[in-house]
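Okay, structure first, notes after.
The values are calculated or read from the model by the stated rules, or taken from the named source; none is laboratory data. These numbers come from a predicted model, not from an experiment. A quick note on method: Cβ atoms are made from the backbone with ideal geometry, for glycine too, and the neighbour counts reach across all protein chains shown. All accessible areas refer to the heavy atoms of the entire protein, side chains included, with ligands and DNA or RNA removed. Shrake-Rupley method; radii C 1.70, N 1.55, O 1.52, S 1.80 Å.
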Amino acid sequence: YWRPDPAYGLDKMIDSGLIADLTEMASQPEIKELFAESEWETASRNGKIYGIPYKMFYIFILANKDVFAKANVEIPETWEEWLAAMPALKNAGFIPWGSSLKGDHGIRLFDLVFARTVTNERALNMFAGNEPIDVPEAVQALKNLQDLVVGNVPEDAIAIDNDAVYAKYINTEKAALIIDGSFNINKIAPELEDKMVVIDFPLITGGAQTERRVEKDLTSLIYASAAAWNDPDKRPYVEELMKRLTSREAGQAMADLKVPMPTKGLNVDPKVVGRLAYETQELALKADANRWLLKVMEAEKRKKFEPMLAGFLNGEGTPEEFAKSLHDLFYTK
């Protein structure tokens, strides 16, 4: 299943005692070493591990170097260069971001810019309801997001889903940039692979995050029922099965089947997984993790947040107004 987040209901199952505490198992060296310390937090709740991961998920950003060349725009590196590239690409007739606002693309951009501006830790605290959001730092984060995204996505971005973005804008080379999750990298047309450059998103000038991080999560986890785990006859079999499914050998088998970045320390062949999957996961492995901000949102609040964000990224309202709306939705103290 996915992470033990409020949006998926596992938090309530854990708190009610239905899901086994796997902290002891996760501390075993052969399991713990499969993922970086900053990544294991994804599998935890209240400081304990409840799921054993078998696959990593990360965010990648790619630039179509041919589109940038046709637009006579350098592929940006600094925050100022990123902002300057947006109107330059549009003036040359290209869409800066091949992104949907209906799907996860807009959320990925939101996560990235918000965390870079206020830090990922503080952003998580805000959307967990523990800290005000109608504050100058959050307003600045939304201003940065506005500058980077609003007006720089397809005209129909609020209506189309992620798959349509690839078919209509990425694989037709109408858009210059794409941001997405590692499991979607195979949606890029094979003939475009040599044109794509892996991008490391910059630090934001004036932002509080001082190191480049990559958003990544232990998205796919295996859980055990507390009843089975506490049964002395069943537990040895449950534990053995979980170890086999999450082992180094299982991870290598997935890598050989072109699954991007199952675990650390695998022999990943770029000829098998493809250059883009190989280079994006290399970048992700080198960086510490930013957590997905939606992981702390209660399910009902998340349902309200997603259309609110889509509206803002489509040009509705000011950063100050959106910060106030977010504050009213999430702040609980």
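Based on protein heavy atoms only, the chain ends up with 44 Å² per residue of surface accessible to a 1.4 Å probe. Taking a ≥ b ≥ c as the square roots of the eigenvalues of the Cα gyration tensor, segment 202-295 is classed as oblate, since a/c reaches at least 1.5 and a/b does not exceed b/c.
Please report how far the C-alpha centroid of segment 68-96 lies from that of segment 237-302, rounded to the nearest whole angstrom. Each part's Cα centre sits 32 Å from the other's.
Taking 21, 156, 111 as the candidate residues, the one with maximal mean-square fluctuation in a Gaussian network model of the chain, Cα springs under 10 Å, is 156. Placing unit charges on the Cβ atoms of the charged side chains and taking the dipole of the chain about its Cα centre, the candidate lying farthest along the positive direction among 67, 151, 17 is 17. Would you mind checking the tilt of helix 299-313 against the longest principal axis of the Cα atoms of the chain, expressed as 0 to 90 degrees and rounded to 10? On a 0 to 90 degree scale, this one is about 20. Working note: 222 nm ellipticity from helices only, DSSP H runs with n ≥ 4, each -39,500 (n - 2.57), summed and divided by the residues of the chain, gives -12000 deg cm²/dmol to the nearest 500.
For the chain, the equivalent ellipsoid built from the Cα gyration tensor has semi-axes of 35, 26, 16 Å, listed from largest to smallest.
Per atom type, segment 1-103 shows carbon and sulfur on 52% of its accessible surface, probed at 1.4 Å. Reducing segment 158-229 and segment 17-55 to their Cα centroids gives an inter-centroid distance of 24 Å.
The aspartates and glutamates whose alpha-carbon is closer than 18 Å to the alpha-carbon of residue 65, local same-chain residues fewer than 8 away aside, are 74, 77, 81, 173, 180, 191, 193, 194, 200, 279. Taking the chain as a Gaussian network of alpha-carbon nodes connected by springs under 10 Å, the highest mean-square fluctuation of the residues 25, 13, 242 belongs to 13.
Only protein atoms count toward the accessible area here, which uses a 1.4 Å probe; on segment 147-247, the carbon and sulfur part of that area reaches 52 percent. Each 10 Å bin from zero up to the one holding the largest Cα-Cα distance in segment 242-297 carries the following percent of pairs: 22, 43, 30, 5. So which lysines pass the test for residue 304, namely a Cα distance under 26 Å, with those fewer than 8 places away in the same chain ruled out? Cross-link targets: 12, 102, 143, 216, 295, 324, 333. Given 70/187; 174/258; 32/187, which pairs have Cα atoms separated by over 29 Å? Table pairs above 29 Å Cα-Cα are 32/187. Sorted on the mean count of surrounding Cβ atoms within 10 Å across their residues, most packed first, peptides 212-225, 81-94 read 212-225, 81-94.
Within straight-line reach of residue 90, meaning a Cα separation under 13 Å, sit the following aspartates and glutamates at least 8 residues removed in sequence or on another chain: 155.
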